[in-house]
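Scroll down for the structure; my scribbles are underneath it.
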Amino acid sequence: MNEENGRLRPNLLVTNKSSVLVADPKMFIKAMHSWAERLAAVSLLPYVVSALFLLFLFHLLSNFFQPGLADIPGPFAAKFTDLWRLFKVWQMRFKEDLPGLHAMHHSTLIRIGPRMVSCSDPRAVELIYGFHTEFKKFEPFVDGNIRLFYKRIDELFIRPKRACDIHNWVQYFAFDAVLEMTMSRNLGFMKAGGDVDGVLKQLQKDLDYRGIALAMPIIDRIWRLNPVSKFFKPKQSGHFAMRCKRILEDRIEYEKSLDPKTRKQQDQKPHDFEHRFLEAQRRDPAISDGQLIGYMQANLIAGSDTTAVVMRTAVYYTLRQPRILQRLVAELDDYHGPLPVPFRIARFEMPFCGAIVREAMRKHFAFIGMMERETPPSGVVLPDGRRLPGGVVIGMHGDLIGRDRTIFGEDADEFNPFRWLAQPDEPEAEYQERLRAMNAHDLAFGHGPRGCIGKHVAEMEIYKFIPTFFALVQPHFMRPEQPWTVRQLFVFKQSGMDMMLDWRQGKGLHSLA
């Protein structure tokens, strides 16, 4: 030991680089081991980086040379990664650019992801999606909301001579009506004249996120489905799901509290979807509350956002083409029944009104994404003879199929409801064949057993709203020379449809039965 400044210090070993080490053998050996490990790590780093790079390169090449997909044309980047599709969705250009890709490559199959294919062959609809489903009627729940819609429109816009932002109000109506059909109650969007508790704002955020996650699913696995996120986030995120959960719980408690006599009286009233869902759960206890909430949400989204898209489209294009407006008004003037127009009459006895609705569904497909299906393990042979291997995601975009000129005519890009009617001098047999082809390739609400379960809800609202609207009011765009604005991420949303509204001669609130 050396003595310095009156204290004992251990012996020091001075290296040739002026580094000072404790001469304790154990510490010296430990330090040497530490240095050796660091040197080894530094020497291995290039190999680790190289290995990771090779793995990444192998992953990209594996994506590119997917068996059965390598020869399918498409954007070069899309053959390696889903980033191309994500970028197009983020640009809000996916819908617009997809038809151009099929046209540019002269192919009904376009590869838009490493294992994802877009198909534009109308003959493949039945092969990919299967059979159609039926829909039910819930008319009593819609009529009250139609009356409330015109009461509020009269109070806020017609009498004060103020411009109506109809693009928002059709969504308020659609949401209140579908809530009434689903839960026998609504959140009061029409009464409030706007959003309630931020529900619509939150729903829009949720749908925007779905658009991003749909384009590149790995984002959802990293951001929302990772273990850390699951631990910190509540099981039901977002105002929408939580409200559905609370309403369902309240309804279950209410149903349990009913005595047999009251329950019998309730059974004689029109049943909402929630009642039917709960009845299904009673018959099959395997159906969980979470599944019921999922059914309710599917109804609400289809019956609100999708419905609003179709109603805006029908109103917008009808007003922009006088020939269509005149034909519709003439058909409505020949109608002398009650208002709101009953669904059965609007759907089956007003051919031109029905044609406008069908054309609105065709012209403006509501969703940005494709309806995706995974090919079976044995693969699938497409109508043109090409074969796709098993495990490939294939889909069709409703807007792309809706523009197919071989099915919908040379003016498929235009809004033309007359296409759904028999043409002058067209033989009845030819018209029926043409109509069957258009019906078979209508993907507005999906197709087959996985078609949209909220289709019947949406159709009920649309077919009642459109004829009642044009039978009661005279709408005029504030800026007819300006086109509307369309926003697209998951669900298309139109705006810029401000209009002045007046009652048609002899019409008013008293006209509603």
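The values are calculated or read from the model by the stated rules, or taken from the named source; none is laboratory data. What you are looking at is a predicted structure, and each value in this text was computed from that prediction instead of being measured. We place every Cβ from the backbone using ideal geometry, glycine too, and count neighbours over all the protein chains shown.
What to note about this one:
- Within segment 178-231, restricting attention to residues that are modelled with pLDDT of 80 or more and polar (S, T, N, Q), the residue that is surrounded by the most Cβ atoms within 10 Å (Cβ to Cβ) is Thr182.
- Residue in segment 154-169 that is part of a helix (DSSP H, G or I), among the polar types (S, T, N, Q) and within 23 Å of the chain's Cα centre (by Cα) present: yes
- Selection of first residues in segment 271-287 that are in the same structural domain as Met181 (by TED's automatic domain parsing) and touching a residue at least 60 places away in the same chain (Cβ under 8 Å) and of second residues that are of a type in the set (Phe, Trp, Tyr) and surrounded by 12 or more Cβ atoms within 10 Å (Cβ to Cβ), restricted to Cβ pairs under 7 Å at least 6 apart or on distinct chains, gives the following pairs, ordered by first then second residue: Asp272/Phe141.
- Failed item in (1) aliphatic (A, V, I, L, M); (2) modelled with pLDDT of 80 or more; (3) crowded, with 17+ Cβ neighbours inside 10 Å, with Ala241 passing the rest: (2)
- Test: residue in segment 339-351 that is basic (Lys, Arg) and closer than 22 Å to Met497 by Cα: no
- Where helices (runs of 4 or more DSSP H) sit wholly within segment 359-463, those with at least 2 residues that are without any contact (Cβ under 8 Å) to a residue 40 or more places away in the chain occupy 428-440.
For every residue, the table says whether it meets (1) assigned to a helix (DSSP H, G or I); (2) within 30 Å of Val199 (Cα to Cα); (3) not assigned by TED's automatic domain parsing to the domain that holds Arg504.
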{"position": "Thr313", "(1), (2), (3)": "yes, yes, no"}
{"position": "Arg327", "(1), (2), (3)": "yes, no, no"}
{"position": "Ala330", "(1), (2), (3)": "yes, no, no"}
{"position": "Tyr335", "(1), (2), (3)": "no, no, no"}
